[in-house]
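Below is one structure, written out as structure tokens; the observations come after it.
The values are calculated or read from the model by the stated rules, or taken from the named source; none is laboratory data. Treat the numbers as computed from the prediction; the structure is a model and nothing was measured. A quick note on method: Cβ atoms are made from the backbone with ideal geometry, for glycine too, and the neighbour counts reach across all protein chains shown.
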Ligand SMILES: Cc1cc2nc3c(=O)[nH]c(=O)nc-3n(C[C@H](O)[C@H](O)[C@H](O)COP(=O)(O)OP(=O)(O)OC[C@H]3O[C@@H](n4cnc5c(N)ncnc54)[C@H](O)[C@@H]3O)c2cc1C
């Protein structure tokens, strides 16, 4: 058996698969060691990719040449663009996926890569002499110049359901034993985090007449910029609610939950609380929303999003039975919580290489993040940088103004995190610029230079971009008379301008959309046949011009006022427009300067803007 490789990736989750694919595509002989090759890129929790800020990350991964977007498209059962009632900067793609297809399609793509090798085993030791030595449970040793560790929720993983507790990296999978201790010997420090998942139910036992149906978009988009085929059939999701009766069951059994009985010490994801946590913390609420999400095309199993729990199975069942849609619900798999080791990410450099051991990279949940998208993004970056390391070329580091991926890694490295970190648009100071629609413009040139994006994909993007630029130029230099404006429906309802205006001036009005302009007859008007995605880009860029300037000014202010003193008696809890997490962190830490406030993990860019206004700037 071959034992010598350029790069070894430990762990075949979302981070590991992206890392292995990137390193192998770039030409490094790469070995992916994972505990179970049947669970590559398994969706441990809900089978969905994207969502607010996360959808932008997946599009960025795709633009850089990663696989997550393409695999998502190949396994999508429902697509929705979220937040379309808000401005385009907030639009976020989300896809419900077939859990089984996602894993299988990912594996197929990985197996097609010439330089990628696989081995099913548990890595138990990492040592470094001239090279890295990776020891495994089956007694093998593998050697490489660089290692990417992506162990997810598996390091000393401990599963909790009620008072029951047993070792596991995920339900029905063993924990990873040995790596934490091996890393401690190298001088790293670790801590514990926890996360949880809801029960899965047999859909034929649900009364769907007691739910609201939620269809996918009429014109579903895709994640990958290179996808041609559109989804023609979709599966719906459903919405229902908990009620007081189910809350009573949960309240009466609170002390049986692993979160409340003291069995769990790790900190869980603030934005994904368990149902018992919600019932306890928001005692005045008489219902909580739940989404019933299908797990695939060919399965009867559904995921109960919003009902994550580590209560005993019987209590989960009893609480569900109180809800009209679930009066006869049959649980296939109970919800559970899991605790695991993570390594505080301040031990890393911006290229995701550890500060202590050269050539060793960490990516994914091991760095204190939560979510497939966050993990995949780090995996891609770590895979690229491990390859660059052994070729002694410059690391790929994305700026905060370039990508959510840049924000994610910079936040982790400079601020650290003591609770599971997930991406939000509010974490990015350039969020109007970091949109899902322009991820290709922002990052395809980078992916192309790396060698992960093909010439034809890059050329297509460049052609589209040139069309967008020409269209914007046309709209800026051509004017429309007040008489013609009558044909533009929204203008008709608003006050009609008295003078001729450029098309772009009109389009910058929130009520006017690009299709409205096509009612104005112009012989030379060459744009109405353009692809919808190009027209959308034109409209977005024109509408955002002014806002983007202001966004840049705000960022300048953040830099300018770093030394600004903050009074010590501020009652942060009284601020309406600071997030709950921001209030808590600012109150606890009481930063002395604005620069110190900027370094606190969980204090978002919008919290900082509010604080700056309060400070009179
Ligand atoms: C119960 C549960 C609930 C979750 N809930 C949410 C949620 O609500 N929202 C959310 O965004 N995310 C949630 N997640 C997190 C999400 O699954 C992860 O963020 C994401 O999968 C992390 O990707 P990863 O690649 O870092 O690790 P994982 O996907 O966990 O993959 C790790 C891989 O490494 C392998 N491995 C581990 N150790 C070794 C070793 N020593 N040797 C060889 N192979 C090894 C494992 O077999 C596995 O394949 C949840 C996860 C779990 C388990």
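Which one of 216, 152, 187 is more than 16 Å from the ligand (Cβ to nearest atom), farther than 20 Å from residue 297 by Cβ and part of a loop (DSSP other than H, G, I, E, B)? Explain how you work it out, then say what you get.
Details: 216 fails: farther than 20 Å from residue 297 by Cβ; 152 fails: more than 16 Å from the ligand (Cβ to nearest atom).
After applying the criteria, what remains is 187.
Scanning the range 230-259 for residues being touching a residue at least 24 places away in the same chain (Cβ under 8 Å), out of contact with any strand residue (DSSP E or B) (no Cβ under 7 Å at 6 or more places or on another chain) and assigned to a loop (DSSP other than H, G, I, E, B) gives a total of 3. Screening residue 57 against (1) under 30 Å from residue 144 (Cβ atoms); (2) under 14 Å from the mean Cα position of the chain (by Cα); (3) surrounded by fewer than 24 Cβ atoms within 10 Å (Cβ to Cβ) leaves a single unmet condition, (3). Considering only residues that are in a loop (DSSP other than H, G, I, E, B) and within 15 Å of the ligand (Cβ to nearest atom), look in the range 1-15 and name the one that is farthest from residue 131 (Cα to Cα). Here the answer is 13.
It is to be established whether one or more residues within the range 445-463 are buried (at least 19 other Cβ atoms within 10 Å of the Cβ) and farther than 30 Å from residue 23 by Cα. There is no residue in the range 445-463 that is buried (at least 19 other Cβ atoms within 10 Å of the Cβ) and farther than 30 Å from residue 23 by Cα. No other residue among 167, 187, 262 is within 30 Å of residue 31 (Cα to Cα) and without any contact (Cβ under 8 Å) to a residue 40 or more places away in the chain apart from 167. In the range 346-368, the residue that is nearest to the ligand (Cβ to nearest atom) out of those that are buried (at least 23 other Cβ atoms within 10 Å of the Cβ) and assigned to a helix (DSSP H, G or I) is 365.
Those helices (runs of 4 or more DSSP H) of the range 510-589 in which at least 1 residues are closer than 30 Å to residue 441 by Cβ and without any contact (Cβ under 8 Å) to a residue 12 or more places away in the chain, considering only elements entirely within it, cover 532-560.
Does the range 79-94 contain at least one residue that is within 15 Å of the ligand (Cβ to nearest atom), closer than 30 Å to residue 6 by Cα, in contact with a helix residue (DSSP H, G or I) (Cβ under 6 Å, 6 or more places away or on another chain) and in the same structural domain as residue 425 (by TED's automatic domain parsing)? No - not one qualifying residue is present in the range 79-94. With respect to the conditions (1) touching a residue at least 24 places away in the same chain (Cβ under 8 Å); (2) assigned to a helix (DSSP H, G or I); (3) surrounded by fewer than 24 Cβ atoms within 10 Å (Cβ to Cβ), residue 386 lacks only one, and its number is (3).
Which condition number in (1) more than 25 Å from residue 439 (Cβ to Cβ); (2) near the ligand (Cβ under 8 Å from one of its atoms) is the one that residue 31 fails? Going through the list (1) more than 25 Å from residue 439 (Cβ to Cβ); (2) near the ligand (Cβ under 8 Å from one of its atoms), residue 31 breaks only (2). What are the residues in the range 225-235 that are modelled with pLDDT of 95 or more and buried (at least 17 other Cβ atoms within 10 Å of the Cβ), if any? Within the range 225-235, just 234 meets the criteria. Mind checking whether some residue in the range 164-177 is part of a loop (DSSP other than H, G, I, E, B), over 30 Å from residue 108 (Cβ atoms), in contact with a helix residue (DSSP H, G or I) (Cβ under 7 Å, 6 or more places away or on another chain) and within 11 Å of the ligand (Cβ to nearest atom)? Within the range 164-177 (the criterion being part of a loop (DSSP other than H, G, I, E, B), over 30 Å from residue 108 (Cβ atoms), in contact with a helix residue (DSSP H, G or I) (Cβ under 7 Å, 6 or more places away or on another chain) and within 11 Å of the ligand (Cβ to nearest atom)), the answer is no, since none of the residues qualifies.
Being more than 11 Å from the ligand (Cβ to nearest atom) and surrounded by fewer than 24 Cβ atoms within 10 Å (Cβ to Cβ): is that true of residue 25 here?
yes
Among the residues making up the range 560-598, those that are buried (at least 16 other Cβ atoms within 10 Å of the Cβ) and under 22 Å from residue 273 (Cα atoms) are 578, 579, 581, 582, 583, 584, 585, 586. Within the range 358-371, residues that are in contact (Cβ under 8 Å) with a residue 40 or more places away in the chain sit with their Cβ atoms under 7 Å from residues that are in a strand (DSSP E or B) and within 6 Å of the ligand (Cβ to nearest atom), at 6+ positions apart or across chains, in these pairs: 370/195. The condition of being within 16 Å of the ligand (Cβ to nearest atom) and under 23 Å from the mean Cα position of the chain (by Cα) holds for only one of 195, 180, that being 195.
In this structure, is residue 18 over 22 Å from the mean Cα position of the chain (by Cα), within 12 Å of the ligand (Cβ to nearest atom) and in a helix (DSSP H, G or I)? Considered against the rule, which asks whether it is over 22 Å from the mean Cα position of the chain (by Cα), within 12 Å of the ligand (Cβ to nearest atom) and in a helix (DSSP H, G or I), residue 18 comes out as no.
In this structure, is residue 313 surrounded by fewer than 18 Cβ atoms within 10 Å (Cβ to Cβ), modelled with pLDDT of 95 or more, within 16 Å of the ligand (Cβ to nearest atom) and within 30 Å of residue 77 (Cβ to Cβ)? In short, yes. In summary, residue 278 fulfils each of the numbered conditions (1) in contact (Cβ under 8 Å) with a residue 12 or more places away in the chain; (2) within 16 Å of the ligand (Cβ to nearest atom) with the single exception of condition (1). Considering (1) within 16 Å of the ligand (Cβ to nearest atom); (2) out of contact with any helix residue (DSSP H, G or I) (no Cβ under 6 Å at 6 or more places or on another chain); (3) over 16 Å from residue 420 (Cβ atoms); (4) not in a helix (DSSP H, G or I), the lone condition that residue 381 does not fulfil carries the number (4). Of all residues in the range 125-163, those being farther than 30 Å from residue 312 by Cα, out of contact with any helix residue (DSSP H, G or I) (no Cβ under 8 Å at 6 or more places or on another chain) and buried (at least 22 other Cβ atoms within 10 Å of the Cβ) number 3.
Only one entry of 352, 348, 380 meets the criterion of being on the phi > 0 side of the Ramachandran plot and under 22 Å from the mean Cα position of the chain (by Cα), and that entry is 352. Taken as a whole, the structure places residue 208 among residues that are more than 16 Å from residue 333 (Cβ to Cβ), surrounded by fewer than 19 Cβ atoms within 10 Å (Cβ to Cβ) and touching a residue at least 12 places away in the same chain (Cβ under 8 Å).
For residue 423, the conditions (1) more than 13 Å from the ligand (Cβ to nearest atom); (2) outside any helix (DSSP H, G or I) all hold with the exception of (1).
Restricting to the range 34-47, count the residues that are within 15 Å of residue 305 (Cα to Cα) and near the ligand (Cβ under 9 Å from one of its atoms). Please lay out each step first, then the result.
Narrowing the range 34-47 to residues within 15 Å of residue 305 (Cα to Cα): 43-47.
Next, from what is left, pick out any that are near the ligand (Cβ under 9 Å from one of its atoms): 43-46.
Of the residues in that region, 4 qualify.
For the range 213-224, the candidate set comprises residues that are touching a strand residue (DSSP E or B) at 6+ places or on another chain (Cβ under 7 Å) and closer than 30 Å to residue 465 by Cα; within that set, the residue that is surrounded by the most Cβ atoms within 10 Å (Cβ to Cβ) is 223. Among the residues making up the range 273-295, those that are surrounded by fewer than 19 Cβ atoms within 10 Å (Cβ to Cβ) and in contact with a strand residue (DSSP E or B) (Cβ under 7 Å, 6 or more places away or on another chain) are 287, 288, 289.
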